[in-house]
Amino acid sequence: MTKSQKQLVNRRGFMGLAGLSVSSMALPSILKENITLKQAPSGKDTTDNYRTLREGNVFFDGNKVVVTAYKSMRFFKKEFSHHFAKMRIYRMECPDFKYGTDYGEYFPAQDYKKADLIFHGKMEPLLDCKFHFEDTTAKIGSTYSYWIGTDEGEPEGPLAVKVRDPEVWYKYEQVQEKVALLQKKYPAMVNASQIGLTTYKRPLMGLKVGHGKKCIAVVGAVHAGEAGPEIILYMLEKLLENHQDLLKKVSIVAIPSANPDMRDRLVRGNPWYLRRNPNLVDINRNFPANWDTVETTYGYSTDDPQGNTYRGLFSNSENETMAISSFMKKHKPKLLLSYHCLASIAGETLAASKDALQNQAFVDRSDNYARMFWEAQDYRDPKQEKVIYMCTAGSIPTWGYKELDMPAYDVEAPFDAADLAKCKLDQTDRELLRKYQEKHLKGMIALLKGVNAEKK
Ligand SMILES: [Zn+2]
């Protein structure tokens, strides 16, 4: 496979257009017949060395995997239509693919000859050009490689996709719908608005819930492959159902999904961990707080545009950063929780700015909120229940400290080792998600009470 093909494979898995045409339905069982590949025709109009298909793509649309490809331009003419008389779809499950460890390099070495042929037959292309196959038999939680081909030559692929539970990974439309429903159900309590634009110019949603002048801020999924919308929306829904008295005294200002462009790529099946926004900037290194200081966590340098922690060309350069910072400056929250860790859950670990260690009064305030949060949890461990002052230059916690004098935490790993192991591998299921939705709800109730009890 050439370098450019590898790059294409790396970028695919999420970029397809949904709902164009349905020309073939998935076969329920794997076809066992053996296909003998015909050689490409030779002679004057030789087509050797050319693939019959191009731009192969795969994505998960919420209930099925969709595999598409276009005819190669060289084979566009009617005289070549016999090449497309029968199409093939291969599928290979990838049980040893490891989220957080494996990236795009896992897939190109795979061989379709070892995969299952799940379809072999006629497909009507849309506009006589685009083939579209739907696999309704893919299992939630599984990672697959697909190939799409004609009977001649090598098929397009491997096209990699992870099938994720839409109830564990909300797509951004779902987030927007849930917020709109809350606003409709509780018009006097919920004020949702567009607070800016994403990199792809989609509306970035922020909401204020409650009437209290004092407020607590929550920010979800600044890092695409991490936690947020599922925890925040559950929390707001339950607080509105059962604790309006509290919300009338202390409000919550929320940005449920801060990096939805990239998070939607995961929802649509990108198998490996994604972190940055579409400009390849780490939003949590882009804030105007010691931004000039180069940091080197996780083996990346923040001034390396290829690195996973790239801080951007200048501070506040990203739409998402600007929207978050102006929303927070407007509301001046007492504290902020930004959900991280992995794959839709964040645990009890709280990390704050390392710069804050210079300021004992601030540390006391920050530790105090953390104590309230942990005391509300069923699980207690004084050894683990310590704020880790480690957040770097350009991060939200460092910006919160320097700009707003506001304790701000990256909410990180669960204390429970088994839960952590599960979410690290992107194996969070509905049950595990619910456990952490409840934990964060409890923690938030304690914090709302704590802030309410403060004199100012
Ligand atoms: Zn993170």
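The values are calculated or read from the model by the stated rules, or taken from the named source; none is laboratory data. What you are looking at is a predicted structure, and each value in this text was computed from that prediction instead of being measured. We place every Cβ from the backbone using ideal geometry, glycine too, and count neighbours over all the protein chains shown. Accessible surface areas use protein heavy atoms only, side chains included; no ligands, DNA or RNA. Shrake-Rupley method; radii C 1.70, N 1.55, O 1.52, S 1.80 Å.
Sort out which residues of the range 73-87 are touching a His at 6+ places or on another chain (Cβ under 9 Å) and outside any strand (DSSP E or B), and write them in order of number.
F75, K86
Conditions tested, residue by residue: (1) within 16 Å of the ligand (Cβ to nearest atom); (2) touching a Gly at 6+ places or on another chain (Cβ under 8 Å); (3) part of a helix (DSSP H, G or I).
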| position | (1), (2), (3) |
| --- | --- |
| K402 | no, no, yes |
| Y409 | yes, no, no |
| F415 | no, yes, no |
| A421 | no, no, yes |
| Q427 | no, yes, no |
| E438 | no, no, yes |
| G443 | no, no, yes |
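Kindly indicate which of W169, W147 is of a type in the set (F, W, Y) and within 21 Å of the chain's Cα centre (by Cα).
W169
Would you please list the contacts, defined by Cβ atoms under 7 Å and residues six or more apart or on different chains, that run from a residue in the range 171-200 that is within 26 Å of A343 (Cβ to Cβ) and not assigned by TED's automatic domain parsing to the domain that holds D261 to a residue that is modelled with pLDDT under 95 and buried (at least 16 other Cβ atoms within 10 Å of the Cβ)?
Pairs that qualify, where the first residue is within 26 Å of A343 (Cβ to Cβ) and not assigned by TED's automatic domain parsing to the domain that holds D261 and the partner is modelled with pLDDT under 95 and buried (at least 16 other Cβ atoms within 10 Å of the Cβ): there are none.
A quick yes/no check of all residues on (1) open to solvent by less than 40 Å² (accessible area, probe 1.4 Å); (2) under 27 Å from the mean Cα position of the chain (by Cα); (3) of a type in the set (A, V, I, L, M, F, W, C):
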residue: Y310; (1), (2), (3): yes, yes, no
residue: F314; (1), (2), (3): no, yes, yes
residue: K332; (1), (2), (3): no, no, no
residue: A343; (1), (2), (3): yes, yes, yes
residue: F373; (1), (2), (3): yes, yes, yes
residue: Y379; (1), (2), (3): no, no, no
residue: V387; (1), (2), (3): yes, yes, yes
residue: W399; (1), (2), (3): yes, yes, yes
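Any residue at all in the range 209-224 that is in contact with a Cys (Cβ under 8 Å, 6 or more places away or on another chain), in a strand (DSSP E or B) and either outside the structural domain of F59 (by TED's automatic domain parsing) or touching a residue at least 24 places away in the same chain (Cβ under 8 Å) (or both)?
no
Against the conditions (1) loosely packed, with under 15 Cβ neighbours inside 10 Å; (2) in contact with a strand residue (DSSP E or B) (Cβ under 9 Å, 6 or more places away or on another chain), where does G104 fall short? Just the number, please.
G104 satisfies every listed condition except (1).
Which residues, counting only those in the range 201-235, are more than 16 Å from the ligand (Cβ to nearest atom) and within 21 Å of A343 (Cβ to Cβ)?
L233, Y234, M235
L448 fails exactly one of the following numbered conditions: (1) within 16 Å of the ligand (Cβ to nearest atom); (2) not in a loop (DSSP other than H, G, I, E, B). What is the number of that condition?
Condition not satisfied by L448: (1).
Considering every residue within the range 247-269, establish whether at least one is over 23 Å from G141 (Cα atoms) and open to solvent by 20 Å² or more (accessible area, probe 1.4 Å).
yes
Go through (1) open to solvent by 20 Å² or more (accessible area, probe 1.4 Å); (2) among the hydrophobic types (A, V, I, L, M, F, W, C); (3) in a loop (DSSP other than H, G, I, E, B) and name the single condition M123 misses.
So the condition that M123 fails would be (1).
Tell me which residues, restricted to the range 273-308, are open to solvent by less than 20 Å² (accessible area, probe 1.4 Å) and more than 16 Å from the ligand (Cβ to nearest atom).
Hit for the range 273-308 is A289, nothing else.
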